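To start, the structure under review is shown below, and the notes come after it.
The values are calculated or read from the model by the stated rules, or taken from the named source; none is laboratory data. The structure displayed is predicted, hence computed values, not measured ones. Here the Cβ positions follow ideal geometry from the backbone for every residue, glycine too, while neighbour counts run over all protein chains shown.
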């Protein structure tokens, strides 16, 4: 099973992430896959180790999915961690991808959630075409 | 699942170090982390317990330069070795492209090595991957204990136990001293990149 992202796909994803950052005042938005690979990133967070953040996000989602199963849920589709000034919001998009939004006190959770809801459908459409392509049997 | 980004000419691969508890998976990553140059490595992330046992995984990202014009980025993970952490091992194996099985040369660990290898085959099979086809390298760790009071298994016994069916490349090593650590990494990366190249060529053919 492979994922191939073409320049065109990436431009579409970038456009969405850019829109998300500018409309919500988030610091950074990352799109990662469930195995912990970074697909795309937009925003201004130069000091952050993106690879580690992606790996830990995937693990975090995996772990909470197990908690969900214990409670009789399939999984939790969004997670929110609040810090003193930095916050992170994780939302599942379909079964393969997670959107990670980093934000501080310049914006609010409500605005972040509103803007995520606005772009999530658009992103889902782009991603579903990418993940459909991978179904080509190549092994 | 190798992640091929044509716009950045980058291939990201996931390599998992697997093996029984205390066999030296984390030590392998620690040695790699401590001896590679700053500009090619990311931070090493470890989620472990107070007793230094891996609870979830260790993670290290490395940039290995270019192959056929593509930047090769490998992400190294370890799994917790203890038997009861099977759910965590399954999570870490998600999207794996290559596996290093770290075999413990200590005689007392003989049974645990075999159990862990069977567990790997089972967990891969659950993801629809065969242990016979995935890029796999076996490392016989703790060879530095040869000649000390600790009783270790000869290589041919380890071969018979772990590699008689698989016939994959094996490397004697001492993760603590660094012997064989980079040879193992080089070998598994070579196998993974070969596997990815084969897939890219097939994709190209299909596109035509």
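Restricting attention to the stretch A:6-43, the residues that are more than 19 Å from residue A:120 (Cβ to Cβ) and either assigned to a helix (DSSP H, G or I) or over 16 Å from the mean Cα position of the chain (by Cα) (or both) add up to 3.
Only a single criterion out of (1) under 25 Å from residue B:123 (Cα atoms); (2) touching a residue at least 24 places away in the same chain (Cβ under 8 Å); (3) part of a helix (DSSP H, G or I); (4) in contact with a helix residue (DSSP H, G or I) (Cβ under 7 Å, 6 or more places away or on another chain) is not satisfied by residue B:87, namely (2). Within the stretch B:16-52, the residues that satisfy the criterion of being touching a strand residue (DSSP E or B) at 6+ places or on another chain (Cβ under 6 Å), within 14 Å of another protein chain (Cβ to nearest Cβ) and surrounded by fewer than 24 Cβ atoms within 10 Å (Cβ to Cβ) are B:33, B:40, B:41, B:42, B:44, B:45, B:46, B:47, B:48.
For the stretch B:122-140, a residue qualifies if it is within 14 Å of the chain's Cα centre (by Cα) and either part of a helix (DSSP H, G or I) or more than 21 Å from residue B:75 (Cβ to Cβ) (or both), and the qualifying residues are B:124, B:140. Checking residue A:119 against (1) in a helix (DSSP H, G or I); (2) touching a helix residue (DSSP H, G or I) at 6+ places or on another chain (Cβ under 6 Å); (3) under 30 Å from residue B:204 (Cβ atoms), which test does it fail? Here residue A:119 meets the rest and fails (3). Scanning the stretch A:67-93 for residues that are assigned to a helix (DSSP H, G or I) and surrounded by 13 or more Cβ atoms within 10 Å (Cβ to Cβ) turns up just one, A:68. For the stretch A:48-97, the tally of residues that are free of Cβ contacts under 8 Å to residues at least 24 places away in the same chain and within 12 Å of another protein chain (Cβ to nearest Cβ) stands at 14. Within the bounds of the stretch B:86-93, is there any residue that is in contact with a strand residue (DSSP E or B) (Cβ under 8 Å, 6 or more places away or on another chain), facing chain A (nearest Cβ under 9 Å), at pLDDT below 95 and surrounded by fewer than 20 Cβ atoms within 10 Å (Cβ to Cβ)? Scanning the stretch B:86-93 turns up no residue that is in contact with a strand residue (DSSP E or B) (Cβ under 8 Å, 6 or more places away or on another chain), facing chain A (nearest Cβ under 9 Å), at pLDDT below 95 and surrounded by fewer than 20 Cβ atoms within 10 Å (Cβ to Cβ).
Output yes when any residue across the stretch B:98-110 is in contact (Cβ under 8 Å) with a residue 24 or more places away in the chain, over 26 Å from residue B:147 (Cβ atoms), within 12 Å of chain A (Cβ to nearest Cβ) and outside any helix (DSSP H, G or I), and no when none is. No; the residues of the stretch B:98-110 include none that is in contact (Cβ under 8 Å) with a residue 24 or more places away in the chain, over 26 Å from residue B:147 (Cβ atoms), within 12 Å of chain A (Cβ to nearest Cβ) and outside any helix (DSSP H, G or I).
Considered as a group, the residues in the stretch B:158-169 that are without any contact (Cβ under 8 Å) to a residue 12 or more places away in the chain and part of a helix (DSSP H, G or I) include one that is surrounded by the fewest Cβ atoms within 10 Å (Cβ to Cβ), and that residue is B:160.
For residue A:45, the conditions (1) closer than 23 Å to residue A:109 by Cβ; (2) in contact (Cβ under 8 Å) with a residue 60 or more places away in the chain are fulfilled apart from (2).
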